[in-house]
Amino acid sequence: MFIATFSCEEMDFGWLEPESKILFISRRTEGSADWSLMTMNWDGSEQKKIVDLTVRCSKPVVSHDGDRILFVHYSEKNIYELYVINVDGTNLTFIDSAKRFCGSAVWALDDSRICYSRSRNRNTDDRDLLLYHFDIDQKESLVTSGNNTPVSITSKNEIVFCAQNDGLTSDIYSMDMDGSNIKRLNLEACNLVYSPNGDRIAFCSTIGNDCSHIFVSDSDGSDKQ
């Protein structure tokens, strides 16, 4: 299945298997600025809303097997709610919620767990990192200081995340799946992406200059260029 996800903020493509659907968000409610989670065929036919809940204006996150979608709903009570749903619209499951923010989720490679951010309380933008286990329906806190956003769960079962600890600059860290062994990979860096084989990373940084530049390095932060 070849799935392409489109949102108002960015576009993301992922190769799975040929000839499947396009997943996208669209404003389909007349007189409303709310977004709906949609699927359609490659020729634009069979456009279908797959859940009645509205979604935030951000990229829905598809599992590696292409079967499930993570999305964020902003409720009528002004609360961010993280959900997962099957691509066919079945099995809608609530995961977590928070007043200021709940989302930015990433899937583990085997799709059994996700890491996501949740705001600490209604009076701050700081975000904790949490791990959700689908097989046992359980949440656990991993990082509870600073403003944190997950980036990836690697093939080594390490969680890579950005942390903004001084309110100004972001650093890139890695840690084990249980929250231990936290290591800083790159200083003053953000917008991290991995190479296809996972050995190299590219990121943005203002190190040594007021302007933002693109860097590459080994996945452990060494050999920075």
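The values are calculated or read from the model by the stated rules, or taken from the named source; none is laboratory data. On a predicted model such as this, the values are computed, not experimentally measured, just so you know. Ideal geometry is used to build each Cβ from the backbone, glycine not excepted, and the neighbour counts take in all protein chains shown.
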Subset tally (residues that are touching a Phe, Trp or Tyr at 6+ places or on another chain (Cβ under 7 Å) and under 20 Å from residue 67 (Cβ atoms)) for the range 89-102: 4
Pairs where the first residue, in the range 129-146, is without any contact (Cβ under 8 Å) to a residue 60 or more places away in the chain and closer than 20 Å to residue 182 by Cβ and the second is acidic (Asp, Glu) and exposed (fewer than 11 other Cβ atoms within 10 Å of the Cβ), C-beta under 9 Å, 6+ apart: 146/166
Residue 173 being surrounded by 13 or more Cβ atoms within 10 Å (Cβ to Cβ) and in contact (Cβ under 8 Å) with a residue 40 or more places away in the chain: no
Residue in the range 133-149 that is surrounded by fewer than 20 Cβ atoms within 10 Å (Cβ to Cβ), assigned to a strand (DSSP E or B), acidic (Asp, Glu) and at pLDDT 85 or above present: yes
Near pairs, Cβ below 6 angstrom, 6+ apart or cross-chain, from the range 177-192 (free of Cβ contacts under 8 Å to residues at least 60 places away in the same chain) to any residue that is in a strand (DSSP E or B) and among the small types (Gly, Ala, Ser): 183/174; 185/174; 188/205; 189/205
